[in-house]
Structure formats: C-alpha cells, structure tokens
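Data block below; observations after.
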Amino acid sequence: MLTTTSPGPGLLFFSFLYRADLFSYELFEDRIKSLFGDCMRFKPLFNPLTQYYEKEMGEGLPLERYFFVATAPLPREFLLSTKLLSLDWEKEWSVDGKRPVNVDIGLIAPENFILATTKSFSHRIYLGQNIYGDLTYLTQNSTYSLLPWTYPDYKDQEKLDFFNWCRSFLLQSI
C-alpha cells in the first residue's frame, strides 16, 4: 500500500492514586480540565496494589484513587506527550524525593486500551522519549478483554465495566 491511514481519535485516561491527607481529587480534576476540557470522574472501589504503593507513599496513610477520562476525543499522539506531562506532575507533587501521587495515563480506543509506562517489557511497544505503550485490554466481540499481562489493579470487573462504558462513549462521540 502506498498510502497510510490515520487512526481515529481516542479518549485520554488518567488515574491518580494519592495520599488523601495531602491532596484532594479536585486538584487533579482541575488540572485535567484546564488542559483537556471536560472530563468524567470515577472512583473505583477495588485497589489491590495499595500495599505496594504504601512503601513509597507511607504505611498506614489514607490512599485514594480516582479515574478521569477527558470527554473530547484527541489524536492518539497525545498519549506520549501526556505521559511525559504526568511525570512532571509527579515531580511537582513529590515530597522529600518520594511520590505521594502515582499517575497512570492511558488511551481508550475502539480496538484497545493502552497504558503508557516508563518500563520496557516483551509485550510493550516503544513510543519514544523512554515511554512504552502497554496493551492492557484488547477488543473482542465488541468488548474489552483482559490479557495475560493486564495489571492486577485493572483486572476486576468494576474497572472493566467502566472502561467498556468509556469505549461506548467514544464510539458515540466519533
């Protein structure tokens, strides 16, 4: 084929796991709205990696998690630039060289859901500037499906239902 086709847009996804004694979800929501416009907010009930993050964020301290999804479909190239921006946010909010806020960035697309990460692995694709794309969900039979390497905190049905709803929202938007 002598020509290429541009992929359709996707929805930017943001996850904030943070110390609730230092931050509030409104800070993160305001930041997203100021840069990307309106967003949807979701507070998942299940967070299996809370103990993992306590090592860096502080044991026994209140950790909360919120998901935000920008409602305006954007070009997929925004995944890389937004991940780089999120690393700046984590530095801005750091306390004594530790992260009291962990930010995940992802892209919701009709065919898949990709998280951006700084860590290489066999199933991750290099996006540039030391950032990799982690194929977290794959669309099968018009719904997102888990993969063997899907992060444990993205495997529960509550989150899968939320992301499938976001996928439907995207399809209606485009």
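Name every residue in segment 99-131 that is free of Cβ contacts under 8 Å to residues at least 12 places away in the same chain and of a type outside the set (Phe, Trp, Tyr), in order of residue number. Passing the criteria: Ser122, Arg124, Ile125. Residue-level analysis places Asp134 among those that are farther than 20 Å from Ser173 by Cα, free of Cβ contacts under 8 Å to residues at least 60 places away in the same chain and buried (at least 21 other Cβ atoms within 10 Å of the Cβ). Condition (residue is modelled with pLDDT of 95 or more, at negative phi, among the β-branched types (Val, Ile, Thr) and outside any loop (DSSP other than H, G, I, E, B)) applied to segment 84-100: is it met by at least one residue? Looking through segment 84-100, none of the residues is modelled with pLDDT of 95 or more, at negative phi, among the β-branched types (Val, Ile, Thr) and outside any loop (DSSP other than H, G, I, E, B).
Within segment 111-132, the set of residues being over 11 Å from the mean Cα position of the chain (by Cα) and not in a loop (DSSP other than H, G, I, E, B) comprises Asn112, Arg124, Ile125, Tyr126, Leu127, Gly128, Ile131, Tyr132.
For residues in segment 20-57 being basic (Lys, Arg) and within 18 Å of the chain's Cα centre (by Cα), which is surrounded by the fewest Cβ atoms within 10 Å (Cβ to Cβ)? This residue is Lys43. Looking across segment 128-156, the residues that are touching a Pro at 6+ places or on another chain (Cβ under 9 Å), within 20 Å of Tyr53 (Cα to Cα) and not basic (Lys, Arg) come down to Pro152, Asp153, Asp156.
The values are calculated or read from the model by the stated rules, or taken from the named source; none is laboratory data. Since this is a predicted model, take the numbers as computed values, not measurements. A quick note on method: Cβ atoms are made from the backbone with ideal geometry, for glycine too, and the neighbour counts reach across all protein chains shown.
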